[in-house]
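Computed from the coordinates by the stated procedures, all read-outs in this text should not be read as laboratory data. Predicted model, so just to flag it, every value in this text is computed and none were measured. With ideal geometry, Cβ positions are generated from the backbone for all residues, glycine too; neighbour counts draw on all protein chains shown.
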Amino acid sequence: MSVSTAKEVVEVKCPLCNADAAYRYGHIRTGEQRFLCLICGSQFTPGAKKYPVKGKPACPECGRPMNVYKLEGDIIRFRCSGYPACKTYRKFTMKEEK
């Protein structure tokens, strides 16, 4: 899919499956265009920086793995993968690896 702006035409491909079958899916907080991949269903913003998460915690209530739910500055929030049955969440402060 090609997206044309006033200055240039940008080719949009899904960063997970590399498909070009994506359509516009609103905007992120900063106003950049967000896309939804029609093949794998992932949401993405072209050129966005990915933050890899190592060592995802286990839910203290049910023992299932927790998923990244929200990034707020230097705080990362995990939510139980069993949501909505288990509504447990945990907050951690991110640390820079040296």
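Values for this structure:
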read-out	value
Phi to ³J(HN,Hα) by Karplus 6.51 cos²θ - 1.76 cosθ + 1.60 over the range 79-90, Hz, x for Gly, Pro	10, 4, 6, x, 4, x, 5, 10, 9, 6, 9, 9
Tail weight of P(r) past 15 Å, computed on alpha-carbon pairs of the range 51-98, percent	40
Projected label distance in nm at residue 86 and residue 24, using a 7 Å step from Cα toward the beta-carbon	4.1
Straight-distance crosslink candidates among lysines, where the alpha carbon sits under 29 Å from residue 91 and sequence neighbours closer than 8 are dropped	49, 50, 54, 56, 70
